[in-house]
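Engineer: What follows is a single structure, and I will ask about it in a moment.
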Amino acid sequence: ISVLFLTLLLLFLALFPGAFDCCMKISHEIPKGILRRVERFEIQKADGLCHLEAVILHIKGKKFCVNPRNRKVKKMMRKIKHKIHRSESHVRKQRRTRITKQKEQKQ
């Protein structure tokens with residue numbers, strides 16, 4: 001039975017390599033220099049396989065696990081979300097303008 005369990009566990013890990021990729025420890029303090037270079041972030045919830053609430057910061061292929069209640073981290077997350085929202089609305093506005101101009105040229 002233990003050989004069967006071990007085989008199934010190895011098969012699961014081979015098919016889903018990121019399944020156990022959880023933060024085990026979090027930093028409570030994070031330097032501003034690191035926060036400025038964050039490319040994207042993920043939120044890890046304390047449910048399922050991961051038993052710790054964390055924000056995973058991605059910086060040039062590296063990951064940093066930080067406390068989601070940290071004031072600086074919250075501010076950085078709002079800034080990134082605002083930046084993404086602004087760029088998406090800018091793209092929509094550009095597209096709308098381009099379509100309107102094309103319709104005017106056809107008429």
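Engineer: Anything in the range 39-71 that is of a type in the set (Asp, Glu), under 14 Å from the mean Cα position of the chain (by Cα) and part of a loop (DSSP other than H, G, I, E, B)? List them, or say none.
Structural biologist: Hits for the range 39-71 are 39, 53.
Engineer: Return the residues of the range 32-57 that are out of contact with any Leu (no Cβ under 7 Å at 6 or more places or on another chain), closer than 15 Å to residue 79 by Cβ, surrounded by 14 or more Cβ atoms within 10 Å (Cβ to Cβ) and not β-branched (Val, Ile, Thr); say none if nothing qualifies.
Structural biologist: Hits for the range 32-57 are 35, 57.
Engineer: Then there's this: I'm trying to understand the selection: among the residues of the range 72-90, which are hydroxyl-bearing (Ser, Thr, Tyr) and either modelled with pLDDT of 90 or more or within 14 Å of the chain's Cα centre (by Cα) (or both)?
Structural biologist: None; the set is empty.
Engineer: Looking only at residues that are farther than 16 Å from residue 41 by Cβ and at pLDDT 70 or above in the range 12-31, which one is least open to solvent (accessible area, probe 1.4 Å)?
Structural biologist: 28
The values are calculated or read from the model by the stated rules, or taken from the named source; none is laboratory data. The structure displayed is predicted, hence computed values, not measured ones. With ideal geometry, Cβ positions are generated from the backbone for all residues, glycine too; neighbour counts draw on all protein chains shown. Heads up: the accessible areas ignore ligands, DNA and RNA and are worked out on the full protein's heavy atoms, side chains in. Shrake-Rupley method; radii C 1.70, N 1.55, O 1.52, S 1.80 Å.
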